[in-house]
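The values are calculated or read from the model by the stated rules, or taken from the named source; none is laboratory data. These figures come from a predicted structure and were not determined experimentally. Cβ placement follows ideal geometry from the backbone for every residue including glycine, while neighbour counts extend to all protein chains displayed. Note: areas computed on protein heavy atoms with side chains; ligands, DNA, RNA excluded. Shrake-Rupley method; radii C 1.70, N 1.55, O 1.52, S 1.80 Å.
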Amino acid sequence: MILDHPSRAALNPASEAELAALIAQRFAARQPLRIAGGGTRVETGAVPGDVLSTAAIGGVVTYEPGEMTLIARAGTSLDDIEAMLAAEGQALAFEPADMRGLLGRNGTPTIGGVVAANASGPRRLLAGACRDHLLGVRFVDGQGRVLKNGGRVMKNVTGLDLGKLLCGAHGTLGVLTEVALKTLPHLPDRCTLGLHGVTVEEAVAIFSAALATPFEVSGAAFRDGSAWLRVEGLGPQMTYRRDRLLTLLKPRVAELLDDVSTLALWRELRDLAHFAGSDAPLWRVLVKPSDAPATVRALQALGGEASLDWGGGLVWYCGPGTAQAVRQVAPHATLVRRGGLAGPAFPPQAPAVARLSAGLRRVFDPAGILNPGLMDS
């Protein structure tokens with residue numbers, strides 16, 4: 001849903017009703033729209049239409065710390081939400097990244113953009129993705145209809161869970177106006193085990209061993225020859241997990257980071273600071289962890305650098321290579337930073353999936369006016 005903003009002014013409805021009326025007019029006229037939030041997350045290339053921003057549809061509807069539920073309008077600042085949750089000792093467990101430094105943007109990330117992109121950071125391997133914490137949505141479809149699905153608790157999600165469809169659809173099925181999310185307690189203590197001078201094959205083996213334990217590793221990432229394992233929890237709980245992992249991985253552990261250093265490191269890993277300051281193409285590649293070493297070696301053969309997250313389930317590749325060359329070795333590669341490359345940002349869908357996707361778009365956006373062509377191969 002979060003798209004790069006062109007220089008021309010965006011359409012900025014201030015309410016759900018205004019948004020619905022505007023989309024209904026565009027549906028009748030068959031005029032395309034580029035759906036945008038904070039303009040901080042995804043580069044799309046040549047998606048036609050006027051920019052429609054949800055940034056003005058903001059504000060927290062309700063927050064119940066005791067129930068650990070939050071309902072917020074789509075344009076609400078992610079920073080404001082995280083600060084409000086932190087004041088109550090809570091957080092968004094799926095740890096969405098801040099892509100501004102990576103993409104050279106100065107917009108404001110919004111909660112609608114996070115949900116529309118299913119943005120999920122390093123803690124995904126333990127806590128799940130954004131869609132796993134989504135309780136309900138309100139949105140306007142491509143005909144201008146206001147639709148609602150789900151509620152404040154998991155048991156309200158009955159029948160077809162439309163939230164799961166909207167989460168990660170990047171605005172192609174509807175424009176989010178409100179999201180309900182489950183929050184979780186903020187984990188007060190943390191540390192990181194660092195293992196240096198390891199190959200990508202060794203890193204994946206280390207991750208597999210650590211993640212097979214009951215010690216709830218909440219981060220497993222690799223970059224520049226170093227493997228990092230994060231452990232979080234209450235003090236005694238975290239200490240026990242840390243000590244057991246140290247015993248398991250001895251004598252490979254070369255560094256043990258404290259709370260402050262851990263926060264700084266994983267913020268950098270989450271936001272891909274090691275690939276910021278460059279204009280080279282950046283690819284996000286989903287793989288089976290066991291396939292990560294071969295995928296990384298093949299991508300590095302193109303002349304760039306790679307890092308791992310999610311215990312090897314996510315590969316980031318920054319460097320040269322055409323879209324065809326990258327997807328030949330990494331079929332599930334999404335182009336996050338174009339760096340001059342043209343063509344679709346998203347990978348081709350399997351025929352059966354493409355038929356399902358086209359059918360959903362015909363139902364929710366029969367005129368094809370919402371981010372047309374964005375998800376097409």
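Here are some notes:
- Accessible area of the stretch 189-271 belonging to carbon and sulfur atoms, whole % at 1.4 Å probe: 56
- Screening the chain for whole DSSP H helices of 15 Å or more along their axis (Cα) with average Kyte-Doolittle hydropathy at least -0.5 returns 16-29, 200-211, 259-270, 351-364.
- Taking the protein heavy atoms of the stretch 274-337 in the context of the full set of protein chains, the accessible area attributed to carbon and sulfur is 55 percent at 1.4 Å.
- Convex hull volume of the Cα atoms of the stretch 18-153, normalised per residue: 119 Å³.
- With contacts taken as Cα pairs under 8 Å and at least 6 residues apart, the chain reaches a relative contact order of 19 percent.
- Summing charges over neighbours of Thr108, with a neighbour being any other residue whose Cβ is under 13 Å away from its Cβ, gives -1 when K and R count +1 and D and E count -1.
- Cα point-scatterer Debye curve for the stretch 172-211, base-10 log of I(q)/I(0) at q = 0.16, 0.25, 0.33 Å⁻¹: -0.71, -0.94, -1.12
- In terms of its C-alpha gyration tensor, the stretch 98-153 comes out oblate, because a/c is 1.5 or above while a/b does not outweigh b/c.
- Exposure rule at most 11 other beta-carbon atoms within 10 Å, DSSP loop trypsin sites (Lys or Arg not before Pro): the chain longest free segment: 31-377
- Rounded to whole Å, sorted largest first: equivalent-ellipsoid semi-axes of the stretch 274-337, Cα gyration tensor: 16, 13, 10
- Global form of the stretch 213-315, assessed from the alpha-carbon gyration tensor, a/c cut-off 1.5: prolate
- Overall form of the stretch 189-271 per C-alpha gyration tensor (a/c, 1.5; a/b vs b/c): oblate
- Multiplying each eigenvalue of the alpha-carbon gyration tensor of the chain by 5 and taking the square root yields semi-axes of 35, 25, 17 Å, largest first, rounded to whole angstroms.
- Å² of accessible area per residue within the chain, as computed with a 1.4 Å probe and no ligands counted: 41
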